[in-house]
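The structure appears right after this line, and notes come after that.
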Amino acid sequence: MSNELRTVIVGAGQAGARTAAALRRLDDAREIILIGEEQALPYERPPLSKDVLNGGTPSKTTIFPLDWYEAHRIALRAGVQAVGLDWRARQVLLAHGELLAYDDLVLATGVRPRLLTVPGANLEGVVTLRTVADSMSLSARLTAGANVVVIGGGFLGLEIAATGTARKCAVTVLEYGNDLLPRIFGGFLGSYLSDLHRMHRVEVRTGVKVTALEGDAAVAAVRLADGTAVPADVVVVAIGAAANDELALAAGADCADGVLVDAQARTSLPSIFAVGDVARQRTHWLGESVRVESWENAEVQALAAASAIAGVAPVAAAAPWFWTDQYDRNIQMLGNRVADDTVVIRGDVTAPSWCAFFVAENTIRGAVLINAGRERRNVKRLIETKQRIDCAEIADAGQPLPAQARAQT
Ligand SMILES: Cc1cc2nc3c(=O)[nH]c(=O)nc-3n(C[C@H](O)[C@H](O)[C@H](O)COP(=O)(O)OP(=O)(O)OC[C@H]3O[C@@H](n4cnc5c(N)ncnc54)[C@H](O)[C@@H]3O)c2cc1C
């Protein structure tokens with residue numbers, strides 16, 4: 001190794017690429033090596049269940065073109081897997097046997113889909129969605145009239161259902177829980193999304209347990225615990241994800257379905273950071289330590305880790321933000337909600353656009369914006385600054401939100 005400090009980033013997805021970019025911005029001299037097991041240039045995943053699944057161009061999801069890495073002196077090593085980590089020697093072992101020394105290491109290894117363990121789970125036509133290749137292969141199966149069964153009624157499953165419907169498939173969503181999304185804003189969105197999907201002729205079945213996938217070579221039906229069977233030409237398993245935390249775990253870092261990190265993305269091992277979906281962070285916004293699988297979290301943690309490595313002041317923690325697109329609805333979620341927060345509705349919930357605010361002691365703690373992304377900055381600021389609001393005032397869609405009013409004066 002030369003005299004330059006070297007940062008190795010393992011995992012060339014969104015969080016890995018953004019860490020490399022932020023670190024180069026903050027430190028012009030350091031050597032940066034970005035290792036990724038996928039062959040593709042680092043890309044963003046949100047379009048994979050939306051535009052790309054609907055036939056859109058996969059290359060549009062690429063974060064930076066190839067020559068950008070060269071221009072920014074980031075050594076991108078695609079198609080290379082890291083298989084071991086020795087934190088005492090400060091070395092990463094690559095699958096082809098090379099030992100790569102580092103001064104700082106960033107783990108940005110993401111997650112992998114959880115798989116079903118019932119009989120028939122390996123039949124042809126049973127798929128998951130995480131990569132560009134997954135999205136293109138599922139897209140090819142979404143032919144008009146195909147029976148598509150989505151197992152899991154979380155955001156990913158519901159986006160796949162919406163895209164499947166747009167492709168004129170007959171879609172059924174099977175959810176084990178009694179409601180959709182029970183943990184999201186205290187179940188606030190579950191019944192709204194059930195109604196939205198049913199309105200688009202998706203069969204949403206909650207409180208059902210899958211006991212087997214049936215078929216000869218290819219899947220033909222999903223068997224449920226009540227004995228009934230749902231016909232299926234393709235089954236998409238969308239039952240959550242498991243953290244790719246094996247490297248950290250084997251090296252002795254504190255892990256619990258994710259690598260435990262502090263606000264600067266530091267793990268319990270020296271000079272090792274974890275960012276993005278693989279990181280489990282304690283945050284005052286969401287309470288106990290959580291692993292946040294969101295586009296924004298990958299951006300924010302990448303910047304936090306890069307700042308810590310470069311020795312510059314960390315950016316202030318921001319209220320979490322997540323969005324999903326289903327049919328003609330752009331749904332954005334900000335902050336958090338606790339059980340006894342007052343729910344204040346702004347607008348008409350039967351209209352295509354409205355907002356819900358979760359309020360305690362005259363401050364907004366969380367919000368859901370339906371086709372109201374234009375309010376996001378204001379609402380985020382209201383949440384982060386804990387600005388006192390008047391519930392009647394924010395409920396009145398004819399009045400601008402307080403932060404808007406203040407900004408205009
Ligand atoms: C289909 C889909 C739709 C989504 N939609 C939304 C949305 O609408 N809104 C939103 O906020 N978020 C959405 N997300 C979530 C968002 O995309 C993720 O939070 C984000 O991709 C996390 O980035 P990451 O870099 O942590 O993980 P990833 O992007 O998964 O990158 C991790 C990379 O590390 C590589 N890797 C793993 N182990 C190794 C190893 N040992 N050696 C080398 N490389 C390794 C993996 O192959 C992968 O390329 C969506 C995710 C998916 C899958």
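Worth a mention:
- Any hit, the stretch 23-37, residues being in the same structural domain as residue 80 (by TED's automatic domain parsing), within 11 Å of the ligand (Cβ to nearest atom) and out of contact with any strand residue (DSSP E or B) (no Cβ under 7 Å at 6 or more places or on another chain): yes
- Residue that is nearest to residue 166 (Cα to Cα), among those in the stretch 176-198 that are among the polar types (S, T, N, Q) and exposed (fewer than 15 other Cβ atoms within 10 Å of the Cβ): 191
- Residue under evaluation residue 204, criteria (1) open to solvent by less than 20 Å² (accessible area, probe 1.4 Å); (2) within 16 Å of the ligand (Cβ to nearest atom), criterion not met: (2)
Conditions tested, residue by residue: (1) touching a Leu at 6+ places or on another chain (Cβ under 8 Å); (2) free of Cβ contacts under 8 Å to residues at least 12 places away in the same chain; (3) in the same structural domain as residue 160 (by TED's automatic domain parsing).
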{"residue": "321", "(1), (2), (3)": "yes, no, no"}
{"residue": "338", "(1), (2), (3)": "no, no, no"}
{"residue": "360", "(1), (2), (3)": "no, no, no"}
{"residue": "367", "(1), (2), (3)": "yes, no, no"}
{"residue": "383", "(1), (2), (3)": "yes, no, no"}
{"residue": "398", "(1), (2), (3)": "no, yes, no"}
{"residue": "401", "(1), (2), (3)": "yes, no, no"}
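- Pairs where the first residue, in the stretch 293-306, is in contact (Cβ under 8 Å) with a residue 40 or more places away in the chain and closer than 14 Å to residue 20 by Cβ and the second is near the ligand (Cβ under 8 Å from one of its atoms) and of a type in the set (S, T, N, Q), C-beta under 7 Å, 6+ apart: 298/14
- Test: residue in the stretch 59-69 that is crowded, with 19+ Cβ neighbours inside 10 Å and farther than 15 Å from residue 9 by Cβ: yes
- Residue count, the stretch 27-58 (criterion: acidic (Asp, Glu) and within 19 Å of residue 15 (Cβ to Cβ)): 4
- Of all residues in the stretch 118-131, those that are open to solvent by 30 Å² or more (accessible area, probe 1.4 Å) have Cβ atoms under 6 Å from Cβ atoms of residues that are within 16 Å of the ligand (Cβ to nearest atom) and among the aliphatic types (A, V, I, L, M), 6 or more apart or on another chain, in 128/237.
The values are calculated or read from the model by the stated rules, or taken from the named source; none is laboratory data. The structure displayed is predicted, hence computed values, not measured ones. We place every Cβ from the backbone using ideal geometry, glycine too, and count neighbours over all the protein chains shown. Note: areas computed on protein heavy atoms with side chains; ligands, DNA, RNA excluded. Shrake-Rupley method; radii C 1.70, N 1.55, O 1.52, S 1.80 Å.
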